[in-house]
1. Send over the semi-axes of the stretch B:84-297's equivalent ellipsoid, whole angstrom and largest first, taken as the square roots of 5 times the C-alpha gyration tensor eigenvalues.
2. Compare the peptides B:108-118, A:173-183, B:270-280 by average per-residue count of other Cβ atoms within 10 angstrom and give them in order, highest first.
3. Answer rounded, prolate or oblate for the stretch A:214-266, using the Cα gyration tensor with square roots of eigenvalues a ≥ b ≥ c: rounded when a/c is under 1.5, else prolate when a/b is larger than b/c, else oblate.
4. Compare the peptides B:215-226, A:243-254 by average per-residue count of other Cβ atoms within 10 angstrom and give them in order, highest first.
5. Can you give me the pair-distance distribution of the stretch B:297-336, C-alpha pairs, 5 Å bins, whole percents?
6. Using the eigenvalues of the Cα gyration tensor, what equivalent ellipsoid semi-axes result for the stretch A:52-122 when each is taken as the square root of five times the eigenvalue, whole Å, largest first?
7. Across peptide A:293-303, what mean number of C-beta atoms from other chains lies inside 10 Å of a residue's C-beta?
8. For the stretch B:150-191, just the Cα set please: Rg and Dmax, both in angstrom.
């Protein structure tokens, strides 16, 4: 008992100590930069959370590492971009991005993955093949040029008169609210609805859920749709925040992987924690040590795997 | 069967063997000590052991393939020798390291190209290159730089292994992919060591014994020697106690653990060995390309190694080389069939088709054909499917 308590203290000292020292130094040095980076990190984290929560949902339920998740993100972004350009409606673009990715996800699940249930490795390889194909088709259609979507009018321009920071982009700030809203929605869906109960039951024990008379295939399809759709929404958001180019799929896939590995696979709360950690680490890295920012991500990955091989919120499979 | 039956059966068996034993000391022209179970036609010759071993294990197809690869560069054009065969051998060696890890160890690592890239980067950083930027090569002679590059690559592979064996199966692929992509971004963003986006240009093999090893034929034979050595090493290791234990761990880690094997140590050692192979392949590849940039280790290439290994078939190390030849041919000649830009589409569709219809790759297709049209030989190692 005392030993585990001491270990925990040691762990927090080891991890928290340097962070605290750095924070104090950075705050004294330049408070505005520190707070700006904090906000940037949190808004990036909410994008990561939206994309990675879909990934973790799918993985938790089906033990299926969907490596085409990044491609679905890109697909949603491009579709959203096209719709926004045609109609000028941002919300419509978001719905379009969600729907496009969700339908693509549904097709993948029903047409291909369902036929190889239980063969984890083969499913993963199929998603790898799909990601190559989807990425190349998107490159074909939308070419390699940068697509930058504009934020809706009511979110354009900065919010002024914030103490210390002075001004901050309204769109980015709204992302924070958006991420929290999606998090709350997912929590509500998983904990307060029947579908959510089924999904949670499936995460814990697939076989038992099927034995209880639930149509597991339907639950799988709905979850895969939801997960893919979340990637699509993330794509539309990211099209404004980060811009769309081929290669972004890899970046978001890496982010999802790291978030899910750090947070614990199959746990939405874990995805939120992982996203915040990764978002902060990436932005602080970029602000304070530009050429080594990836190293921080890597160090976090190593630390988590060393102390908690199944992630912060992960349970034994 | 009653006890009496048993006894009779035992007795007749005993009688048969004792009769055989009684026959043995009888004067014969040649005193053979060959075991009666498997008649060995080469046992009575005076040839050294290794030659007998060779005779026993060589078949017509080995001789044919060996003769073909030795004569190939003298028949083929330099383009085919260098661009096709040289590249395929280098790529095949990297993929063979994945086949060893995935097929015999059950750990599909996507970071093999990263390990190869680390070896290439180290060679460029320690050795000579025409880098223009913040980072400069140290300019060590090749006989120092190459061993150091290989050692560093092996250490990196061991670390990657140590990290990823903490998790199992499907998690491995995620973690190694994350590590691989992280290294790509590190190489891309870091200018002080990895020279950022530009990478290192003009990294050529040294001129040794008055031979320029970048000429098509010498490079081909260099790649062939390395690949053959790697292939034979894998073939030998999987028959050695270590390899057998590794396959046991692949099939049932808990049982092997219960038997007293150190599962983690075996897995990490497999990563280290695969890392060495990938490192050699990486050095060949950097010499082939003449440069290394972050794009040599991007996600596309991480996945291409897997594509090559799966294309040929993961159950036998030769599959990696077959897959590499098909891959390189597709890469080179897809331009004639369709747009060059669409190569990824072709390779993606081929990969999907293989995974969907023949999970054991081209070797699996071949085995299927053989079992349909001829007697089946136990050619490949059969991993047990886990529920």
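Bear in mind that the values in this text are calculations on the coordinates, not laboratory data. Please read these numbers as outputs of a predicted model, since none were measured by experiment. A quick note on method: Cβ atoms are made from the backbone with ideal geometry, for glycine too, and the neighbour counts reach across all protein chains shown.
1. Working: eigenvalues 193, 81, 32 Å².
Ellipsoid half-lengths, sorted descending, are 31, 20, 13 Å.
2. B:108-118, B:270-280, A:173-183
3. Oblate, because a/c is 1.5 or more while a/b does not exceed b/c.
4. A:243-254, B:215-226
5. Going out from 0 Å in 5 Å bins, the stretch B:297-336 shows 7, 27, 25, 23, 14, 3, 1 percent.
6. So the equivalent ellipsoid measures 28, 11, 9 Å along its semi-axes.
7. Counting Cβ atoms of other protein chains within 10 Å of each residue's Cβ and averaging gives 4.
8. Radius of gyration, then largest Cα-Cα span, for the stretch B:150-191: 11.4, 35 Å.
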